[in-house]
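J.: Next up is a structure, given as structure tokens.
Just so it is clear, none of the values below were taken in a lab; they were calculated from the coordinates. Just so we're clear, the structure is a prediction, and the values are computed from it rather than from any experiment. Cβ sites come from the backbone with ideal geometry, for glycine too, and all protein chains shown count toward neighbours.
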Amino acid sequence: MDVDKHAEELASALGVDKEEVTEDLENLLQYSVPIDEAKQSVRRKHGGGGGGGDATPESLDVVDLTTEHDNVTVTVRVLTKGTRSIRYQGEDITIREGEFADETGTVSYTAWQEFGFEPDDTVTVGNAGVREWEGHPELNLGDSTSVALETDDLDVPYEIGGERDLIDLEPGDRGRSLEVSVVEVEGRTIDGRDGETEILSGVIGDETARLPFTDWDPHPEIEEGASVRLEDVYVREYRGAPSVNVSQFSTVEALGESVTVTDTAPSMSIGEAVAGGGLFDVELTGNVIEVRDGSGLIQRCPECNRAIQNGECRSHGDVEGEDDLRTKAILDDGTGTCTVILGSDLTEEIYGGNLDDARDAAREAMDREVVAETIAEELVGDAYRVRGSLSVDEYGANMNADAFEQIDENPETAARALLAELGVGA
Ligand SMILES: [Zn+2]
């Protein structure tokens, strides 16, 4: 790396003018100051923390770490370690990230190079920077950080290693190990940072939950129905729900024994589910109060499969629409509402006929709306239990239903009716 590149990196990290940094650096290098030391001096001069600074870093307990500290020394047990590639100023950099702990607490870390420690090791990390990550202090292990392996293990009241059940995963988790069954998988081509890339996406499950996943570096062991052990995966948020990411650094191994996948989804009130921001697999119960526009015999764009109106797609202009059946029903349980979207199979069941029957009915009535009207007559006013994936965005709460069944009565309505009968409440 030449001075220019070091200067660029520093300037961007410190948020100061590159020319000024270059001048400072060149000044120091002129006196044969080693580049790392020179960079530290420049960082210090501009008040930057981030992995370098004072000659005597403070030795602290994890609980006492704050972003006020420039650089610190901690003795910690390594709980987890994950590997990820990020693009930083046009270059691919492999980083390691995870959690450390001592008796007083846990702290996450990012290491910009391989220091060689593994989960379960006890290490003294010297001269680490502290920065803020998602509202908490995080240790930054860079050029000027030292890591020394301790011979006596530190006792910590935390789980060591990344082994987890799916239900326990949260967005932001790194270095996790899972044993799962592949419920669904499909290959897709995406426009990635290096052009067109093949990826796998689908659904994995274990005895506790089902979650969506993406494999950014397709592993052949990941096939439908396979039970696999995934090591070193990370978790991101997708539509408010955790999503598992498998990368080039993950290990995927076929398991001899098959992993059982739960067949139930958590049941919640609509208000609670919508407030949660989105759930991959949830069960809701309520009354259908309305069937929305865009239901019944609809047309889709042959290019992008989106529903279209009057033969015009928002992305593809005038197209020859393809007929399909769909239902958008508003479900209400007294705590909130959401739009339940039923695909052609579920809609056929409710309608009591297939696409041809719907076309015949529309032709006879000379009105395509008769199909939606028939569906509304079936649904509105009755109580249903629906299972599927709930997404919440600026357009509202939408539930893509995998299962939809009529129940005798919404429990809430039933409770109210009972109370009324007893002469209590409304
Ligand atoms: Zn289109």
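J.: Extension gain Met366-Arg44, at 0.36 nm per residue separation less the Cα-Cα distance, in nm?
T.: Contour length minus Cα-Cα distance gives 108.1 nm.
J.: Under the classification rounded if a/c is under 1.5, otherwise prolate if a/b is larger than b/c and oblate if not, where does the range 3-45 fall, given a ≥ b ≥ c as square roots of the Cα gyration tensor eigenvalues? Walk me through the intermediate numbers first.
T.: Working: a/c = 1.82, a/b = 1.54, b/c = 1.18.
Prolate, because a/c is 1.5 or more and a/b exceeds b/c.
J.: Considering only lysines 8 or more places apart in sequence, or on different chains, count the pairs in the chain whose C-alpha atoms sit under 20 Å apart.
T.: 5
J.: So how much slack lies between Ser267 and Glu37, counting 0.36 nm per residue of separation and subtracting their Cα-Cα distance, in nm?
T.: Details: separation 230, 0.36 × 230 = 82.80 nm, distance 5.78 nm.
Between Ser267 and Glu37, full extension yields 77.0 nm more.
J.: Rounded, prolate or oblate: pick one for the range 253-361, where a ≥ b ≥ c are the square roots of the eigenvalues of its C-alpha gyration tensor, a/c under 1.5 means rounded, and failing that, prolate if a/b is larger than b/c, else oblate.
T.: Prolate.
J.: Give me Ser295, Ser243 sorted ascending by neighbouring Cβ count inside 10 Å, so fewest comes first.
T.: Ser243, Ser295
J.: What does the charge count near Glu134 come to, summing +1 for each Lys or Arg and -1 for each Asp or Glu among other residues with Cβ under 15 Å from its Cβ?
T.: Local net charge: -4.
J.: Using only Cα atoms, what Kirkwood radius does the chain have, in angstroms?
T.: Hydrodynamic radius (Kirkwood, Cα only) of the chain equals 25.9 Å.
J.: What shape does the range 58-149 have by the C-alpha gyration tensor, where a ≥ b ≥ c are the square roots of the eigenvalues, rounded means a/c under 1.5, and otherwise prolate means a/b greater than b/c and oblate the rest?
T.: It is prolate, given that a/c is not under 1.5 and a/b is the larger ratio.
J.: Which part of the range 272-303 falls in the paramagnetic zone of Glu237, meaning amide N under 15 Å from the point 7 Å along Cα-to-beta-carbon?
T.: Only 274-280 pass the distance filter.
J.: Now, a different point. Arrange the following residues from fewest to most other Cβ atoms within 10 Å of their Cβ: Glu349, Glu364, Glu99.
T.: Listed from fewest to most nearby Cβ atoms, that is Glu364, Glu349, Glu99.
J.: For Leu255, what is the net charge nearby, where nearby means another residue's Cβ is under 10 Å from its Cβ and Lys, Arg count +1, Asp, Glu -1?
T.: Cβ neighbours under 10 Å give a net charge of -3.
J.: Could you order the peptides 173-180, 120-127 from most to least packed, using the average number of other C-beta atoms within 10 Å per residue? Please report the intermediate quantities before stating the final value.
T.: Working: 173-180: 22.5, 120-127: 18.8.
Peptide ranking by packing, descending: 173-180, 120-127.
J.: Ranked by Cβ crowding within 10 angstrom, fewest neighbours first, how are Asp168, Asp70 ordered?
T.: Asp168, Asp70
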